[in-house]
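The values are calculated or read from the model by the stated rules, or taken from the named source; none is laboratory data. What you see is a predicted model, and the numbers here were worked out from it, not measured in a lab. Virtual Cβ from ideal backbone geometry, glycine too; neighbours counted across all protein chains shown. Accessible surface is based on the protein model in full, side chains and every heavy atom, while ligands, DNA and RNA are left aside. Shrake-Rupley method; radii C 1.70, N 1.55, O 1.52, S 1.80 Å.
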Amino acid sequence: RGFVHCDVKSANVLITHDGCWLLSDFGSCARAGEPLTSTTEMFHVSVRFGCRDDAGCPVVVPATPALDWQLLFCLLLVEAFKSDWKERLMPPGWGRVSERAMRGAYDELLLRADATEETRQLARQLNARAYNF
């Protein structure tokens, strides 16, 4: 519909008794292509507010659907490694997830004996839309 949610995280994903996923809290929502003004930066490996280009001008990050897919992919990894996700996905002192750590967690998730084929397939689909590791 031409909008990017910009804040996909566990607290904003509701699941019904029938297993349907509902997205809530559209406070950070933006039209696709418009400048991104609000997001949960901690879960993005590619979004950094306050950056400047070589000429010193602020870098404008456009809101794109890929940002929502990145957040949903990260959400899946956080849920899959619920007990130690911060240690797995966030290098000490970074305050945000790292792409390298997410790649490792993704590979590990695909090999986990307790992961269902449905979970592996979802991980592959989200990865393809978000990063394509």
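A few remarks follow.
- One residue stands out among those in the range 82-133 that are of a type in the set (S, T, N, Q) and either closer than 16 Å to Leu71 by Cα or surrounded by 16 or more Cβ atoms within 10 Å (Cβ to Cβ) (or both): the one that is farthest from the chain's Cα centre (by Cα), which is Thr119.
- Exactly one residue among Phe3, Phe43 is hydrophobic (A, V, I, L, M, F, W, C), open to solvent by 80 Å² or more (accessible area, probe 1.4 Å) and in contact with a Cys (Cβ under 6 Å, 6 or more places away or on another chain), and that residue is Phe3.
- Selection status of Tyr131, hydroxyl-bearing (Ser, Thr, Tyr), closer than 25 Å to Leu22 by Cα and modelled with pLDDT of 90 or more: no
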